[in-house]
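Below is one structure, written out as structure tokens; comments come after it.
The values are calculated or read from the model by the stated rules, or taken from the named source; none is laboratory data. Because the structure is predicted, anything quoted here is derived from the model rather than measured. Don't worry about glycine lacking a Cβ; one is built from the backbone with ideal geometry, like all the others, and counts go over all protein chains shown. Note: accessible area is taken over every heavy atom of the protein model, side chains too, but ligands, DNA and RNA are not part of it. Shrake-Rupley method; radii C 1.70, N 1.55, O 1.52, S 1.80 Å.
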Amino acid sequence: MKKKIKALFEYRQLPKLMKDGKVPNRKTLYKNLIKLQITIYKLDEHLESNWNVTKTDLKSYWKNIHHAMLVCGVPKSKLGEYSKHILKYQKHELNLRSGKLPTEGSIEYFYYYKSCDVRLMRQIIYDQSVNLDQKYILADWRYFDLITEVNDDVDDMFEDLETINGNYALIARWEFGKKESIRLLTEFMDLIETKNKERLIKRKSESKYKRIFKMTQEQIKVTRKLLDKNSDKLKKKKILKAELFKHFE
């Protein structure tokens, strides 16, 4: 799990962000952020493995998450504020149990909340940085985080056949078919690309957004290719046997 988390952190530029922000005791914070991510993954694993989930089941996972947040320097008074987007995404996952799919709402809204764990890590890093917001503010990472979440879903389409997971790419494929699912995700990537270009113009003289812009553009290209590749490889028979969709038969 640690190997997976370190790869995630590198992919989402968190070590670079700590360095750019001149965060004191970076090694300690890095280790503590890994521990925090583990507690969030443990919650994810529970939700992915169990169809019947109660509030009582979730208490111990949230106790561990809040403890890990405190260790990372989050004030006790801000635990609720810093947890609310993870709770919102947890609600998306629990909604699957009542047949409410992420495809019923806004795709941007869904992926915004799906990036909740990475945004939490960024918030903690910004809180402990020195003038990092003079280079780029938290909001500058929005489109990069959106496209990397889409990439994760597309990349995990085969892995998530075995779990109860709110994978938008997989659910759209099951619900609408190959052609329409590709159209939905492609249109969303087009939107991300447009908004990324608009933000570059808006932030050009105020920050180093050009770097984030380029990384976002690159991930859009990579994800477009991956979507076509995995959509071709994923067969209808496998989709129908997916763990999540067994509950909708």
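How much length would be gained if the chain were fully extended between E198 and T54, taking 0.36 nm per residue of separation minus their Cα-Cα distance, in nm to one decimal?
That works out to 47.5 nm of additional length.
Testing the spin-label approximation: label points 7 Å from Cα along Cα→Cβ at E104 and K6. State their distance in nm.
According to this spin-label approximation, the distance is 4.2 nm.
Okay, which of the stretch 16-47 sit inside 20 Å, backbone N to the point 7 Å along the Cα-Cβ direction of F248?
47
Nearest 0.05, what FRET efficiency do K76 and K237 give at R0 = 51 Å with Cβ-Cβ as r?
According to the calculation, E is roughly 0.50.
If the chain between L94 and Y30 were fully stretched, how many nm would it gain, using 0.36 nm times the residue separation less the Cα-Cα distance?
Full extension from L94 to Y30 adds 20.0 nm.
Can you pull the percent of the chain's accessible area that's carbon plus sulfur, 1.4 Å probe, other chains left in place?
Result for the chain: 51 percent of the exposed heavy-atom area is carbon or sulfur.
Taking the solvent-accessible surface of protein heavy atoms with a 1.4 Å probe, what is the per residue accessible area of the stretch 71-121 in Å²?
45
So how much slack lies between F176 and E162, counting 0.36 nm per residue of separation and subtracting their Cα-Cα distance, in nm?
Separation in residues times 0.36 nm, less the Cα-Cα distance, equals 3.0 nm.
Could you tell me which trypsin sites (Lys or Arg not before Pro) in the stretch 92-176 are loop residues by DSSP with no more than 14 other beta carbons within 10 angstrom of their beta carbon?
Hits after loop and neighbour filter: K100.
Looking at the chain, identify the longest residue range that excludes and avoids all chymotrypsin sites (Phe, Trp or Tyr not before Pro) in DSSP loops having at most 13 other Cβ atoms within 10 Å.
Excluding the exposed sites themselves, the longest stretch runs over 52-157.
For the modelled label position 7 Å from the Cα of K208 along Cα-to-Cβ, which residues of the stretch 110-138 have backbone nitrogen atoms closer than 15 Å?
126, 129-138
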